[in-house]
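Before any comments, here is the structure.
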Amino acid sequence: NVDTGVASGRARALLRFTTPDAVPQGCVVESARLYVFSSGESVGTRVEAMQLASAWSENGASWSSQPDTVGDAARAWSREGYMQWNVTAHVQSMLDGGVSHGFLIRDAAEGAETAGGGHGFYSREKGDAGTAPELVIRFAPPSSGEPPGPPLPPSPAAVSCGQVLTQSTL
């Protein structure tokens, strides 16, 4: 505990991703999801992802020098495997401001007398293929406000033996 000097069991993770400088021309941020692999579940606890307000470095970040956060937290229930946070508003804010400092991950009950549980997350240093943190941003054309029209009627298509069908085919 920074205030009292007593060990509190608190732990946080800092994550940073390369993001586009801006939203592509003619697009909006449709969604942004943060995926972090957790090595265990702490049943009944929630974990927060918060936008970082300033720059940091791996070698320079410590408990007493960690960057501040800005905005509301995105929350997810603790689970083993990939945890997922909806960080669409956070990413939109980063793109609007032209700078991305990343995310802070922490227990939502941090500092409470009956704090949540322990969480362990994999980072790129873990070395296991497919378990590195990911930030998935989806861009789409802006909504026109009009409801989508009816689907086009099916048209005959040639299908051959061994072909993999990925849509309804007449």
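The values are calculated or read from the model by the stated rules, or taken from the named source; none is laboratory data. If you're wondering where the values come from, they're calculated on a predicted model, not measured in any experiment. Don't worry about glycine lacking a Cβ; one is built from the backbone with ideal geometry, like all the others, and counts go over all protein chains shown. Heavy atoms of the whole protein, side chains included, go into the accessibility calculation; ligands, DNA and RNA do not. Shrake-Rupley method; radii C 1.70, N 1.55, O 1.52, S 1.80 Å.
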Could you list, in sequence order, the residues of segment 40-54 that are surrounded by 13 or more Cβ atoms within 10 Å (Cβ to Cβ) and farther than 14 Å from residue 105 by Cα?
40, 41, 42
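Do we have residue 100 as among the hydroxyl-bearing types (Ser, Thr, Tyr) and in contact with a helix residue (DSSP H, G or I) (Cβ under 7 Å, 6 or more places away or on another chain) here? Even if it seems obvious, please write down each step before you answer.
Working: among the hydroxyl-bearing types (Ser, Thr, Tyr): yes; in contact with a helix residue (DSSP H, G or I) (Cβ under 7 Å, 6 or more places away or on another chain): yes.
Here the answer is yes, as residue 100 does meet what is asked.
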Name the residue that is nearest to residue 139 (Cα to Cα), counting only residues in segment 26-61 that are under 14 Å from the mean Cα position of the chain (by Cα) and aromatic (Phe, Trp, Tyr).
35
Across (1) modelled with pLDDT of 85 or more; (2) under 15 Å from residue 123 (Cβ atoms); (3) open to solvent by less than 70 Å² (accessible area, probe 1.4 Å), residue 16 clears everything bar (3)
Answer yes or no: is there a residue in segment 97-104 that is modelled with pLDDT of 85 or more, under 19 Å from residue 133 (Cα atoms), small (Gly, Ala, Ser) and part of a loop (DSSP other than H, G, I, E, B).
yes
Would you check which residues across segment 62-71 are surrounded by 15 or more Cβ atoms within 10 Å (Cβ to Cβ) and not β-branched (Val, Ile, Thr) and list them?
66, 67
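Would it be correct to say that residue 87 is under 17 Å from the mean Cα position of the chain (by Cα), open to solvent by less than 30 Å² (accessible area, probe 1.4 Å) and within 24 Å of residue 140 (Cα to Cα)? So that I can check it myself, show each step before the final result.
Working: under 17 Å from the mean Cα position of the chain (by Cα): yes; open to solvent by less than 30 Å² (accessible area, probe 1.4 Å): yes; within 24 Å of residue 140 (Cα to Cα): yes.
For residue 87, the condition - under 17 Å from the mean Cα position of the chain (by Cα), open to solvent by less than 30 Å² (accessible area, probe 1.4 Å) and within 24 Å of residue 140 (Cα to Cα) - is met.
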Output the qualifying pairs, or none if there are none: Cβ atoms under 9 angstrom, residues six or more apart or on different chains, first residue in segment 6-17 and within 17 Å of residue 83 (Cα to Cα), second residue at pLDDT below 85 and open to solvent by 70 Å² or more (accessible area, probe 1.4 Å).
12/63
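Looking only at segment 36-47, decide whether some residue is of a type in the set (D, E, K, R) and touching an Asp or Glu at 6+ places or on another chain (Cβ under 7 Å).
Restricting attention to segment 36-47, the residues satisfying the condition of being of a type in the set (D, E, K, R) are 41, 46.
Adding the requirement that they be touching an Asp or Glu at 6+ places or on another chain (Cβ under 7 Å) leaves 41.
Yes, there is a match, as at least one residue in segment 36-47 is of a type in the set (D, E, K, R) and touching an Asp or Glu at 6+ places or on another chain (Cβ under 7 Å).
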When segment 27-63 is checked residue by residue, the ones that are in a loop (DSSP other than H, G, I, E, B) and closer than 17 Å to residue 15 by Cα are 39, 53, 54, 55, 56, 57, 58, 59, 60, 61, 62, 63
Mind counting the residues in segment 83-96 that are assigned to a helix (DSSP H, G or I) and aromatic (Phe, Trp, Tyr)?
0
